[in-house]
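Enquirer: I am attaching a structure below and will ask some questions about it afterwards.
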Amino acid sequence: MDLYEHQARELFEEHGILVPKAEVTESPREAREIARRLGGRVVVKAQVKTGGRGKAGGVKLAADPAAAELTARQILGMDIKGHTVGKVMLAQPVDIESEFYVSYVLDRAAGRFLAIASAEGGMDIEEVAANRPEAVARIPVDPSEGVTTAKAAQIAQVAGLPDRTVDVLVRLWDVLTREDAVLVEVNPLVRTSGGQILALDGKVTLDDNARFRQERWGTQEAAHDDALEAAAAAKGLNYVKLDGEVGIIGNGAGLVMSTLDVVAGCGARPANFLDIGGGASAQIMADGLSVILSDSAVKSVFVNVFGGITACDAVADGIVQALESVRLTKPLVVRLDGNSAVEGRAILDGRAHPLVEQATTMDGAARRAAELANAH
Ligand code: GDP
Ligand code: MN
């Protein structure tokens, strides 16, 4: 489970990492009050569980309480990569001298953690990592040894971070281990003009296996605080929101997982995981389509079905019936294979919906769905 920035900030503070003074609200009116309490000038930040808020217009400086109210009004309800902003955090602005990047992430394959750090943090860290990988240090951390002061000093030295970050690196490791996290990321970690080291933005992903002892963050509610995930959960769908543009529906978790990979391999990004399981009834298809189509980030939809016990003609019937109740607004690429695929394809051909096309292979369908998504 991912935490919101303001929750990550709270954890950092509890572990002695310096953070800007901040408060959270859902109301523009209250934003004005908070800004007044924080000294007038504030940074207004969208609270959504996705990165790149700054570039999307979800992080803005407000000069006084009246401007804070206006800015909060603008940002609340905003759509950032398919996530609707329900809360804003107002923070005391910080005078930034330099921005760094630090994170600890679980490396499952290697059975250890990885410290990733760079002296070139900030909004363009992905670009730095892609274009100049040597500017991003990656240092394995043995979980049984952890990040001691000596280890932290090594990380800071390799990454070119100032000495004063060593203490923060040790405390951040405490956040990871004591709070049952599998990822903690601070970007940017900043040095202020006064020389202080502050965590200005934070991401924490908790280990879902430890959820029973993390009740503090809520169990049910926190799992579905994304509006689309909540809508899907209400319909009993096995849906997870992702950040891409290609909506995905498939039968069987394994097939859906490989569908995500194949779509990514075609140069597009999946917008969601949705496994409709063995049933694939018209109702489930209609429910799934309506959730996916209400995701504003979706540009095309890929239905990938391998007929087994549920035959493809039944799935095709389900799609045709779903098209009666759901208004299709985006192109739909369907790949039917396996049991009764020929019959299933004939049913869809018979319906001849202008936005529905078929492909016979998974790769071909993924390529087409990616092409349609990228054409927008
Ligand atoms: P993200 O875009 O979702 O990663 O959101 P961040 O919280 O990292 O904010 C994006 C950028 O806004 C940061 O990299 C900073 O450059 C800038 N920013 C955020 N808070 C402050 C602040 O208090 N003062 C200044 N000067 N810049 C800030
Ligand atoms: Mn950031």
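Enquirer: Which ³J(HN,Hα) values in Hz, rounded to whole numbers, follow from the phi angles of segment 84-99 under the Karplus curve 6.51 cos²θ - 1.76 cosθ + 1.60, where θ = phi - 60° and Gly and Pro get x?
Expert: Karplus-based 3J(HN,Hα) across segment 84-99 equals 7, 7, x, 9, 10, 10, 10, 10, 5, x, 10, 8, 8, 9, 9, 10 Hz.
Enquirer: Taking neighbour counts of Cβ atoms within 10 Å as a proxy for exposure, in what order, fewest first, do Thr71, Thr84 appear? Can you show the working numbers first?
Expert: On the way: Thr71 24, Thr84 15.
Ranking Thr71, Thr84 by Cβ neighbours within 10 Å, fewest first, gives Thr84, Thr71.
Enquirer: Just to confirm a number: summing +1 for Lys and Arg and -1 for Asp and Glu over residues other than Gly344 whose beta-carbon lies under 12 angstrom from that of Gly344, what do you get?
Expert: Here the charged neighbours net out to -2.
Enquirer: What fraction of the DSSP beta bridges in the chain is antiparallel, stated in percent and rounded to the nearest 5?
Expert: About 75 percent, rounded to the nearest 5.
Enquirer: Further, regarding this structure: In sequence order, what are the phi-derived ³J(HN,Hα) couplings for segment 368-375 according to the Karplus relation 6.51 cos²θ - 1.76 cosθ + 1.60 with θ = phi - 60°, rounded to whole Hz, with x for glycine and proline?
Expert: 5, 4, 5, 4, 5, 5, 6, 6
Enquirer: Related question: Based on DSSP H runs of at least 4 residues, each adding -39500 (n - 2.57), what is the mean residue ellipticity at 222 nm of the chain after dividing by all its residues, to the nearest 500 deg cm²/dmol?
Expert: So the calculated ellipticity at 222 nm is -11000 deg cm²/dmol.
Enquirer: Find, to one decimal place in angstroms, the Kirkwood hydrodynamic radius of the chain, where the mean of 1/r is taken over every pair of different Cα atoms and then inverted.
Expert: Hydrodynamic radius (Kirkwood, Cα only) of the chain equals 22.6 Å.
Enquirer: Full-extension gain between Arg216 and Glu13, please, as 0.36 nm times their residue separation minus the C-alpha to C-alpha distance.
Expert: Roughly 71.5 nm would be gained on extension.
Enquirer: How big is the gap, in Å, between the Cα center of segment 321-376 and the Cα center of segment 233-293?
Expert: 14
Enquirer: Can you work out ³J(HN,Hα) from phi for every residue in segment 206-216, in order, using Karplus 6.51 cos²θ - 1.76 cosθ + 1.60 and θ = phi - 60°, giving whole Hz and x for Gly and Pro?
Expert: Whole-Hz 3J(HN,Hα) from phi for segment 206-216: 8, 6, 4, 5, 9, 4, 4, 10, 10, 4, 3.
Enquirer: Okay, next question. Using only alpha-carbon positions, what ratio does the radius of gyration of segment 21-91 give when scaled by 2.2 N^0.38 Å?
Expert: Here the answer is 0.97, to two decimals.
Enquirer: Rounded if a/c is under 1.5, else prolate if a/b beats b/c, else oblate: with a ≥ b ≥ c from the C-alpha gyration tensor eigenvalues square-rooted, which is segment 227-374?
Expert: rounded
Enquirer: FRET efficiency for Thr361 and Thr177, Cβ-Cβ distance as r, R0 = 45 Å, nearest 0.05?
Expert: Working: r = 46 Å, r/R0 = 1.02.
Computed FRET efficiency for Thr361 and Thr177: 0.45.
Enquirer: How high is the relative contact order of the chain? Use alpha-carbon pairs under 8 Å, at least six apart in sequence, and give a whole percent.
Expert: It rounds to 13 percent for the chain.
Enquirer: Please state, to two decimals, what the Cα-based radius of gyration of segment 96-213 comes to when divided by 2.2 N^0.38 Å (N = residues). Let's see the in-between values first.
Expert: Details: Rg = 13.7 Å, N = 118, 2.2 N^0.38 = 13.5 Å.
For segment 96-213, the normalised Cα radius of gyration is 1.02.
Enquirer: When ranked by the protection proxy of mean other Cβ atoms within 10 Å per residue, highest first, what sequence do the peptides 130-138, 191-199 form?
Expert: Highest mean packing first, the order is 191-199, 130-138.
Enquirer: Which of the trypsin sites (Lys or Arg not before Pro) found in segment 270-364 are in a DSSP loop and have at most 14 neighbouring Cβ atoms, other than their own, within 10 Å?
Expert: Arg327
Enquirer: In straight Cα distance, which lysines are under 23 Å from Lys235, not counting same-chain residues fewer than 8 positions off?
Expert: Hits, sequence-local ones excluded: Lys49, Lys81, Lys299, Lys330.
Laboratory data are not the source of any read-out in this text; all were calculated from the coordinates shown. Please read these numbers as outputs of a predicted model, since none were measured by experiment. Neighbour counts are summed over all protein chains in view; Cβ atoms, including those assigned to glycine, are modelled from backbone coordinates with ideal geometry.
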